[in-house]
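Enquirer: First the structure, then my questions, so here it is.
The values are calculated or read from the model by the stated rules, or taken from the named source; none is laboratory data. Predicted, not measured: the structure shown is a model, and the values here were computed from it. Cβ: placed from backbone, ideal geometry, glycine included. Neighbour counts: every protein chain shown.
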Amino acid sequence: MASTKSLLLMKLSGQLGKELVFKQYGDKTVVSKYPDMSNQKFNAKQRLVQSTMEDANYEAKRIMADEELSKEAQVRLNVTRNKLYTALIKEYFRNIRAGS
């Protein structure tokens, strides 16, 4: 893992072609190898959360695609447009937890 304070890499964050990952730690940019998750074994609870997140993502995108539903959700959740997706995901998980 390499770290740098280079002006070219400053504020760079994300991945590059599933080969490199750029992370920010304070004023340093850290470059590391993309993690290999192919041998990862998930337990039942982790698979359940992953499945729930997939459903929540689908539902949030469905609501955001419909302008009328989007406006209703903004008013209901009392958030701005740029925070609507996160609020919808949070609401979905809260509803699932309350239903269980």
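Enquirer: Find the residue count for segment 1-18, including only residues that are outside any loop (DSSP other than H, G, I, E, B) and more than 20 Å from the chain's Cα centre (by Cα).
Expert: 3
Enquirer: If you check Val75 against the conditions, is it outside the structural domain of Leu9 (by TED's automatic domain parsing) and part of a loop (DSSP other than H, G, I, E, B)? Reasoning before the result, please.
Expert: Numbers: outside the structural domain of Leu9 (by TED's automatic domain parsing): yes; part of a loop (DSSP other than H, G, I, E, B): no.
Considered against the rule, which asks whether it is outside the structural domain of Leu9 (by TED's automatic domain parsing) and part of a loop (DSSP other than H, G, I, E, B), Val75 comes out as no.
Enquirer: Looking at segment 19-34 only, could you name the residues that are surrounded by fewer than 10 Cβ atoms within 10 Å (Cβ to Cβ) and assigned to a loop (DSSP other than H, G, I, E, B)?
Expert: Correct list: Glu19, Gly26, Asp27.
Enquirer: Quick check, is Lys41 out of contact with any strand residue (DSSP E or B) (no Cβ under 6 Å at 6 or more places or on another chain), basic (Lys, Arg) and in a helix (DSSP H, G or I)?
Expert: no
Enquirer: Just need a number here: residues in segment 62-78 that are free of Cβ contacts under 8 Å to residues at least 12 places away in the same chain and within 14 Å of Tyr92 (Cβ to Cβ).
Expert: Going through segment 62-78 one residue at a time, the tally reaches 3.
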